Amino acid sequence: MIGNIQARRRMTTKPINLRAVRKAKVRAEKEKAAEANRAAFGRTKAEKLKAKIDKAKADAHVEGHKREPGREGE
């Protein structure tokens, strides 16, 4: 009998709304996905153009330093 009374006293915490918890979890997941999208797609046109030009310059630089096939022993 005394154990039952003590158990009731410990159970006096505020009940939680499971629906609200689920909704908060979904909102957090959506925000995480949105953050990833902002990082991947959130660049201005000028930033995209600059990245494209920088990549083209780097590719040209690497291409210019490649060896020609068949000219190894010269």
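Could you work out the local net charge near L49, counting Lys and Arg as +1, Asp and Glu as -1, over the other residues with Cβ closer than 12 Å to its Cβ? Taking every other residue near L49 into account, the sum is +4. Pairwise Cα distances in region 15-64 exceed 17 Å for 61 percent of all pairs.
Site pair E31 and I53 shows an inter-label distance of 3.8 nm when each label is modelled 7 Å from Cα along Cα→Cβ. Charged neighbours of A33, selected by a Cβ distance under 14 Å, balance to +2 (K, R count +1; D, E count -1). 3J(HN,Hα) along region 53-67: 5, 4, 5, 5, 5, 5, 5, 5, 4, 5, 4, x, 9, 6, 7 Hz, from the Karplus curve 6.51 cos²θ - 1.76 cosθ + 1.60 with θ = phi - 60°, whole Hz, x for Gly and Pro.
Only the coordinates and a few stated rules stand behind these numbers; no lab work does. Predicted model, so just to flag it, every value in this text is computed and none were measured. Heads up, the Cβs are rebuilt from the backbone with ideal geometry, glycines too, and the neighbour counts pull from every protein chain shown.
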